[in-house]
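Presented below is the structure to which this report refers.
The values are calculated or read from the model by the stated rules, or taken from the named source; none is laboratory data. These numbers were taken from a predicted model, which means no experiment stands behind them. Neighbour counts run over all protein chains shown; Cβ positions are idealised from the backbone, glycine included. These area figures cover heavy atoms from the full protein model, side chains too; ligands, DNA and RNA do not enter into them. Shrake-Rupley method; radii C 1.70, N 1.55, O 1.52, S 1.80 Å.
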Amino acid sequence: MLEHRRQIRYGSKIALKHVATGRFLSSKDIRYDTGSKQHIVFCNNWQPDRQTDFWIVIPPHKQYCKVGNPVAFNSAIGLKHQKTSRNLHSHSNESPKTKQQEVTCFSGADSNDNWLLQRHSINNDYDNSGHWVIGDTISLRHVNTKKSLSSHDFLLDDGNQEVTCHADGHEENHKWIVEVFE
């Protein structure tokens, strides 16, 4: 049975599916018109041929983890967008639609690229033992602001689903799962 639950490792190429809406975390070479004016992060329908939905699991900023090592729960991680080589990033700027915390892709590297990996929980009773494997429902909490990666049915002007950071990680909109793994 464990053969079907492969571990996510540093260097793994993954696609993160937003559980509530069934759309995938993505980015492209377009900037927000407002806020930080950094590169947009959104959720959309699966598009494997365009390679916009793939992310590489990397160590957090200024930390070293050997490629191939399994990723433990309750660890800080980074996610690098495969196509653009930009890091998943957040800060205190407001998002364009809901005015929640903006999420972007950033070409630099700083501590705003760090995300705490946790198993999703509906309360503060996290089971963060073990390592991240395919099929785990997770929450990613922004290390510096303590808000969780989120999405919802609010659409950006181009029809893609807005991605923000919001609240403490216990809501349905904070649930993500690795759908594709290479």
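Give the residue that is surrounded by the fewest Cβ atoms within 10 Å (Cβ to Cβ), with candidates limited to residues of the range 131-157 that are outside any loop (DSSP other than H, G, I, E, B) and at pLDDT below 90.
Within the range 131-157, the subset outside any loop (DSSP other than H, G, I, E, B) is 131, 133, 137-142, 148-155.
With the extra rule that they be at pLDDT below 90, the set shrinks to 153-155.
Details: D153: 11, F154: 14, L155: 13.
So, considering only residues that are outside any loop (DSSP other than H, G, I, E, B) and at pLDDT below 90, the one surrounded by the fewest Cβ atoms within 10 Å (Cβ to Cβ) is D153.
Which one of these is among the polar types (S, T, N, Q), surrounded by fewer than 17 Cβ atoms within 10 Å (Cβ to Cβ) and more than 13 Å from the chain's Cα centre (by Cα): N128, N160?
Values: N160 fails: surrounded by fewer than 17 Cβ atoms within 10 Å (Cβ to Cβ).
Just a single option satisfies the conditions, and that option is N128.
Within the range 74-119, take every residue that is in a loop (DSSP other than H, G, I, E, B), closer than 19 Å to I56 by Cβ and among the basic types (K, R) and give me the one that is least open to solvent (accessible area, probe 1.4 Å).
First, the residues of the range 74-119 that are in a loop (DSSP other than H, G, I, E, B): 74-75, 82-86, 95-100, 107-110, 114.
Add one more test, that the residue is closer than 19 Å to I56 by Cβ, and what stays is 75, 82-86, 107-110, 114.
Of the ones still in play, those that are also among the basic types (K, R) are 83, 86.
Working: K83: 126, R86: 36 Å².
Going through the qualifying residues, I end up with R86.
Tell me, which residue of the range 163-182 that is at pLDDT 85 or above and of a type in the set (V, I, T) is surrounded by the fewest Cβ atoms within 10 Å (Cβ to Cβ)?
Checked the range 163-182; the qualifying residue surrounded by the fewest Cβ atoms within 10 Å (Cβ to Cβ) is I177.
Tell me whether the range 102-122 contains one or more residues that are in contact with a Cys (Cβ under 7 Å, 6 or more places away or on another chain) and modelled with pLDDT of 95 or more. Full working, then the answer.
Of all residues in the range 102-122, those in contact with a Cys (Cβ under 7 Å, 6 or more places away or on another chain) come to 103.
In the following step, the residues that additionally are modelled with pLDDT of 95 or more were identified as 103.
Yes.
For residues that are of a type in the set (G, A, S) and either modelled with pLDDT under 90 or outside any loop (DSSP other than H, G, I, E, B) (or both), scanning just the range 17-48, find the one that is most open to solvent (accessible area, probe 1.4 Å). Steps first, answer last, please.
Initially, the range 17-48 is screened for residues of a type in the set (G, A, S), giving 20, 22, 26-27, 35-36.
Those still in the list that are either modelled with pLDDT under 90 or outside any loop (DSSP other than H, G, I, E, B) (or both) too: 26-27, 35.
Details: S26: 0, S27: 1, G35: 46 Å².
The extreme case among them is G35.
What number of residues in the range 55-73 are of a type in the set (A, V, I, L, M), in a loop (DSSP other than H, G, I, E, B) and surrounded by 17 or more Cβ atoms within 10 Å (Cβ to Cβ)? Steps first, please.
The initial filter retains those residues of the range 55-73 that are of a type in the set (A, V, I, L, M), namely 56-58, 67, 71-72.
Okay, now just the ones that are also in a loop (DSSP other than H, G, I, E, B), so 67, 71.
Filter once more, so that each one left must be surrounded by 17 or more Cβ atoms within 10 Å (Cβ to Cβ): 71.
Of the residues in that region, 1 qualify.
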